[in-house]
Structure formats: structure tokens, C-alpha cells
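J.: The structure under discussion is supplied below as C-alpha cells; questions concerning it will follow.
Just so it is clear, none of the values below were taken in a lab; they were calculated from the coordinates. Since the structure is predicted, the reported quantities are computational estimates derived from the model, not experimental observations. Don't worry about glycine lacking a Cβ; one is built from the backbone with ideal geometry, like all the others, and counts go over all protein chains shown.
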Amino acid sequence: MRGVKETERMMVPFVDLGRTQHPIRADIDSALAGVLDSTAYILGPDVEAFEHEWAAYCQAEHAIGVSSGTAAIGLVLEGLGVGPGDEVIAPALTFIASVLPALELGAAPVLVDVDPTTATIDPDAVAAALTSRTKAIVAVHLYGQVADMDALQRVADSAGVPLIEDAAQAHGARYRGRRAGSLGRAACFSFYPSKNLGALGDGGAVVTNDPELAERIRILRDLGQARKYEHVVAGHNERLDTLQAAVLRCKLRHLDAWNASRRTAAATYRRALAALELDLPTEAEGREHVWHLYVVRSSDRDRLRSSLAEGGVATGLHYPLPLHLEPVLARLGHRQGAFPVAEDWSLRGFSLPMFAGLEEAEIEAVAAALHA
Ligand SMILES: Cc1ncc(COP(=O)(O)O)c(C=O)c1O
């Protein structure tokens, strides 16, 4: 009996990068070979070409290729002059990288709660957290859905502070027709391999319509060089690798198709899971979600996750701790209960398999395992 069950069981991975990589393998190989043959490994023509293509894709003027999404956030904050004594408002539910760069600059992250339906930063909570020391607001487009940028922009304008997009999970997402990356003073992208647009290692980009900020970040990412060996500020070595830029150029041509595949998967989940007692993620009015993650919520989360694991379905937690309960941020002095909505998503949320190329039969298998 056991043998029969084992052969019938469909293993569903959490992410399978091979599905999208395999069909374009020849293109990737030739892009890599092109860089190898050119021997232009640092800020070569592929970086510049990718920057133009990525800015155009995001409907923005400038893109600067950098070494990671974390570096992108740090460079934007530094480029805006954030430093010791300043405050940077960010959501309590996000990846730690949304706030670590502020800490590194000597600024204080000021955490606020998230919206109960979208899990993105709550504009009213941001308004309540503004002080004379607020130097920036970081809006995270969590799980692939753009935060409520109109409301956030009103709050930012009322205080005269820049609104920054952490778009690390939202390549190609739209808000009232406009692309993530074009919605605030600057946007930060990560090309970590499992992102909707992923490199073969670390990579990131800053996107902005502000030419002066773009220029400052270009200098900061390249050891503070304005021209070769003319170092005008104490910068960093945080350039986007040329090999990664060449691969990203190949992959960018497929991003819309891959996001469409994720959107189809999300619609299939919604139908297949409708009868279950689960809180399903939703797409807010006026927003086009790109489903970096598909996060459902249940009070029985841990039991469901272990039976899914037994059934061959991999799941994840995004994020098991809201930021105010992370040990590194204990210094902020928040207790459990400080941000109830973020805590609820952390406690009851879990992520189902989601990636471009995820098949309907696999989603049915996830649904069957959940029903069982
Ligand atoms: C919301 C968010 N911000 C920032 C980052 C940091 O990006 P990276 O890993 O490229 O440094 C990530 C992803 O890792 C992320 O999900």
C-alpha cells in the first residue's frame, strides 16, 4: 500500500528556478561567453545596457546597477543624506534588509504596523509615526503587491520627507497603471536568484527620476569615484557585476511572461483553495500583484505545514518574526503586541509554492494535500 501511495505522491518544490532557466539556457550561455570574451568584467557595456533597459521597463529615467537589494537601500538612504540621529520609517513586517541599512548609517528605524488586508505598510500608522527627525519612509511592496503609494505620498508630502520604494519583491508590479520603481523618490530592487527577476548570484538596482540622486548613487557605489582616481566621497564597492548584468538582460525579455505565469498560478490557487478555512491573499483595487510569494493564513498553520511536508509539498515562512521581535532590533524596545497586524501575519501566515512555471497539476496537489 505504502509503495503505491509513494508513487502517486507529487512532490511540489517551493521554488524551481530550473523551469525558467532551462528554456533560455542557450541565451544565458552566450551572454556569459560574450562577457568572458570581452574581458570587460567591471561596469562593462552590459551593465550600462541593462541600466537603460531596466529604467525603461520601470518607466523611470535612471537605473543604477548595484551589488544587492540591501546595497540599493543603503545607497539611497546615504544618497539622501540619512545619518546619525535621523529616523527612517519602515513596516514591522518585511525582510530584515529593509531596515538594516538605516542602522548601519547610524539612523533609527521606526517601525509601524501593516494593513490587515495587503500586509503592506499602513499609511495612517506612518502619519502617526512622523517626527521632526523623520528623514525617509521605506514602503515595502511586500510579497509582490505595491503598497498604497497615493496615501503614503500624501503623508510623505505633508512632512516633506522622501518616500522610497523597497521593490525587492515587486519587479513589474503596477499601481494605478504605473510600474513599481516609478512611484516614489527612488526604488530599490534585488536580483537575488529567487526574485521575479533573478541573477545567478547577488545583484540589485536603484531606480529614480532624480538625476542628482542618481549621480550621487553612481559615485557612492563605485568607491566614491566621480572620475577614475578622483574620489570625491568615501564610497563603497557596491557595483553590479557585469556577468550578472548580461544574464539579467536575457532574463528581462521574459519577465512579463513569467509574471503572467505567477498571476495564473495565483488565480488557480484562489479557485482550488476557496472551500478551505484559510485566509487567502488578495489583490487590492488598482494594483497588479506579481505574486513573488503566495502567503495564506490559518490558526492551524504549524499542523498544516507539517502535513503538507509529509505530503511532499514544501512551504515557507515570510516572516516567522516581525521585525520588532528580531533580536537585532530588541534595542528599539518594542514588546509583543506592539504591532498586532504584523504579528498576526507572522503567526498565522505561511507561503505556498509559487514560481514562474508552477503547473496547475502541482497547485491541485497542494490543494488536495490541504483538503486532506
Ligand atoms: C523586501 C526585501 N528588501 C530587501 C531585500 C534585500 O535584497 P538582497 O538580498 O538582494 O540584498 C530583499 C530580498 O532579499 C527583500 O525581500
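J.: Using the number of other C-beta atoms within 10 angstrom as an exposure proxy, rank Phe14, Phe355, Phe191 with the fewest first. Before the final figure, lay out the partial values.
T.: On the way: Phe14 15, Phe355 24, Phe191 31.
In increasing order of surrounding Cβ atoms, one gets Phe14, Phe355, Phe191.
J.: Where Lys and Arg each count +1 and Asp and Glu each count -1, what net charge lies around Val99 among other residues with Cβ under 14 Å from its Cβ? Intermediate values should be presented prior to the final figure.
T.: Details: positive: Lys135, Arg331; negative: Asp86, Glu87, Glu104, Asp166, Glu326.
That works out to -3.
J.: Give the Rg/Rh ratio for segment 52-140, taking Rg as the radius of gyration of the Cα atoms and Rh as the Kirkwood radius, to two decimals. Present the calculation step by step, with values, prior to reporting the outcome.
T.: On the way: Rg = 13.9 Å, Rh = 13.9 Å.
Rounded to two decimals, Rg over Rh is 1.00.
J.: Continuing with this model, one more query. With contacts defined as alpha carbon pairs under 8 Å and 6 or more residues apart, what's the relative contact order of the chain in percent? All intermediate terms of the calculation are to be shown ahead of the outcome.
T.: On the way: 778 pairs, mean separation 82.7, N = 372.
This gives 22 percent for the chain.
J.: Which number do you get for Rg(Cα) / (2.2 N^0.38 Å) in the chain? Can you show the working numbers first?
T.: Numbers: Rg = 20.9 Å, N = 372, 2.2 N^0.38 = 20.9 Å.
In units of the globular-protein estimate, the chain measures up at 1.00.
J.: Under 37 °C and 0.692 mPa s, how fast does segment 99-139 diffuse according to Stokes-Einstein, given a Kirkwood radius computed over C-alpha pairs? Answer in µm²/s, whole number.
T.: Numbers: Rh = 11.1 Å.
This corresponds to a translational diffusion coefficient of 296 µm²/s.
J.: Please say if segment 159-258 is rounded, prolate or oblate, where rounded means a/c under 1.5 for a ≥ b ≥ c the square roots of the C-alpha gyration tensor eigenvalues, and otherwise the choice is prolate for a/b larger than b/c and oblate otherwise?
T.: Numbers: a/c = 2.51, a/b = 1.24, b/c = 2.02.
Oblate is the answer for segment 159-258, as a/c is 1.5 or above yet b/c matches or exceeds a/b.
J.: Consider just the alpha-carbon atoms of segment 63-114 and return their Rg together with their Dmax, both in angstrom.
T.: Final numbers for Rg and Dmax: 10.9, 31 Å.
J.: Oh, and also: Provide the convex hull volume over Cα atoms per residue for segment 213-372, in Å³. Intermediate results must be reported in sequence, preceding the final value.
T.: Numbers: hull volume 31.8 nm³, N = 160.
Roughly 199 Å³ of hull volume per residue.
J.: For Thr268, what is the net charge nearby, where nearby means another residue's Cβ is under 13 Å from its Cβ and Lys, Arg count +1, Asp, Glu -1?
T.: Combined, the nearby Lys, Arg, Asp and Glu give 0.
J.: Of all DSSP beta bridges in segment 20-174, what percent run antiparallel (nearest 5)?
T.: Numbers: 1 of 13 bridges.
The antiparallel proportion sits near 10 percent.
J.: Of Leu240, Leu325, Leu36, which is the most mobile in a GNM of the chain whose springs link Cα atoms less than 10 angstrom apart?
T.: Leu36
J.: I need two numbers for segment 191-231: Rg to one decimal and Dmax as a whole number, Cα atoms only, in Å.
T.: That works out to 13.2, 37 Å for Rg and Dmax.
J.: How large is ³J(HN,Hα) for each residue in segment 29-35, as worked out from phi by the Karplus curve 6.51 cos²θ - 1.76 cosθ + 1.60 (θ = phi - 60°), to whole Hz, x for Gly and Pro?
T.: Values per residue, Gly and Pro as x: 4, 6, 5, 5, 5, x, 5 Hz.
J.: Select from Ser306, Ser190, Ser261 the residue whose mean-square fluctuation is largest in a Gaussian network model of the chain (Cα-Cα springs shorter than 10 Å).
T.: Of the options given, Ser306 has the highest mean-square fluctuation.
J.: Anyone know which of Leu17, Leu243, Leu163 comes out most mobile in the 10 Å Cα GNM of the chain?
T.: Leu17
J.: Could you please tell me the mean projected area of the C-alpha convex hull for segment 1-98, averaged over all directions and given in square nanometres to one decimal?
T.: 12.3 nm²
J.: Taking square-rooted eigenvalues a ≥ b ≥ c of the alpha carbon gyration tensor, is segment 276-355 rounded, prolate or oblate, where a/c under 1.5 means rounded and, failing that, a/b exceeding b/c means prolate?
T.: Details: a/c = 2.00, a/b = 1.34, b/c = 1.49.
Taking the square roots of the gyration eigenvalues as a ≥ b ≥ c, segment 276-355 is oblate.
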